[in-house]
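> Just dropping this structure here.
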Amino acid sequence: MPLIANIDGPTRRVYLGIDSVGVDVHPIDIYKEMRALRRTNSSLRQYYLFMSAHGYDQKGTGSFTERYVKLLNGTRIVPYDSTHVLRVTGTVITDSGAAGADCFDRSLLMPTSRIDIDYQPPQVEVVTVNSGSGLSVDQDSKLSDVYRAHYNRRRWDKVGHQVVLYADDGITPAHVFNTDGTSNAIGELTPI
């Protein structure tokens, strides 16, 4: 049962067919059908690729990231034109930063059609936290220890992305701590 009814190359719209109603739709299945249609329909090959698939990047021994689909160059998916709930069970994003229901274009449907998009991506997500300094917990702890050890008796300055600790005379630089990741010795105290 094909999910795609047709692809409009000039408008970059992928129209879903009636077989997408009442079933769980995974974006990877839409991607696979799009690839098959491009292989068999030479008129679709004159357009840049409509979507790409990504994922299965190794996270560790036997563990991989989820697969997801990225809609390219303004491509949007148009649900089947009848009142229904479209259940999407995988991740779909665009190259312009949209995700989930925002990847679907309902503006081309009849005003009487009510489409609810039930978007349920897998509960897998990589979260990057910007701590500001770029230091690991161990590096931050080491810098804090050095700071506490030298605060009362030694002069120190923060210069750009470096902390300079001075010798007991308060003039001669004794150590430099790099915090921007440009040094191979990031997090290490190195004599100047």
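The values are calculated or read from the model by the stated rules, or taken from the named source; none is laboratory data. Not measured: the values here are computed from a predicted model. Cβ sites come from the backbone with ideal geometry, for glycine too, and all protein chains shown count toward neighbours. For accessibility, only protein heavy atoms count, side chains too; no ligands or nucleic acids. Shrake-Rupley method; radii C 1.70, N 1.55, O 1.52, S 1.80 Å.
> Averaging over all projection directions, find the projected area of the Cα convex hull of the range 1-108 and quote it in nm² with one decimal place.
Answer in nm², one decimal: 7.5.
> For the residue pair Asp140 and Val85, what label-to-label distance in nm results when each label sits 7 Å from Cα along the Cα-to-beta-carbon direction?
A separation of 4.2 nm, rounded to one decimal place.
> For Leu108 and Asn41 in the same chain, what is the full-extension length gain: residue separation times 0.36 nm, less their Cα-Cα distance, in nm?
In short, 21.8 nm is gained.
> Carbon and sulfur atoms: what percent of the 1.4 Å accessible area of the range 8-95 do they account for?
Within the range 8-95, the accessible surface is 49 percent carbon and sulfur.
> Treating cross-link reach as a plain straight distance, find the lysines whose alpha-carbon is under 24 Å from the alpha-carbon of Lys70, omitting any fewer than eight places away in the same chain.
Hits, sequence-local ones excluded: Lys32, Lys59.
> What's the magnitude of the charge dipole for the range 1-64 around its Cα centre, counting Lys and Arg as +1 and Asp and Glu as -1 at the beta-carbon? Answer in Debye, nearest 20.
It works out to roughly 320 debye.
> Related question: Name the long-range amide H neighbours of Val88: under 5 Å, sequence gap of 5 or more, or other chain; modelled H, no Pro or chain starts.
Val25, Asp118, Tyr119, Gln120
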